[in-house]
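Let me begin by presenting the structure, written as structure tokens, before commenting on it.
Values quoted throughout were computed directly from the atomic coordinates according to the rules given, and no laboratory measurement underlies them. Quantities reported herein were computed from a predicted structural model and do not represent experimental measurements. As a convention, Cβ positions derive from the backbone with ideal geometry for all residues, glycine included, and neighbour counts pool all protein chains shown.
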Amino acid sequence: MLVLVVYDIPDNKRRVKLSNFLEGHGRRVQDSVFECFLDLEGMQKLYRQIERRVNPQEDNVRFYWIPADSLPRTLTIGSLKPEPPPRCYIV
């Protein structure tokens, strides 16, 4: 399932740390928006990891689940449509 992780973090140090962390979990589609293809367990794990990296009194992080059947109806301008990563890689 596609999970959009959207954040607004006023502190530069925390914001950069979170964006660098998210680079390893999904594709950045805007400055503070990442598309991550995760199952429920993966999303819960990511949520817990992010929860430890932010200050809930100052920061705002949101997770939006996008059902798989909604992906074909996604409209984009100036970027690629969301695509899940390949199931396997051939080396």
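In the stretch 28-55, the residues that are free of Cβ contacts under 8 Å to residues at least 40 places away in the same chain and of a type in the set (Gly, Ala, Ser) reach residues that are in a loop (DSSP other than H, G, I, E, B) and surrounded by 14 or more Cβ atoms within 10 Å (Cβ to Cβ) with C-beta atoms within less than 8 angstrom, at least six apart or across chains, in these pairs: Ser32/Ile9.
Restricting attention to the stretch 1-20 and to residues that are touching a residue at least 24 places away in the same chain (Cβ under 8 Å) and over 10 Å from the mean Cα position of the chain (by Cα), the residue that is nearest to Pro67 (Cα to Cα) turns out to be Met1.
Can you list the strands (runs of 3 or more DSSP E) lying wholly within the chain that have 1 or more residues being of a type in the set (Asp, Glu), touching a strand residue (DSSP E or B) at 6+ places or on another chain (Cβ under 9 Å) and surrounded by 10 or more Cβ atoms within 10 Å (Cβ to Cβ)?
2-8, 33-37
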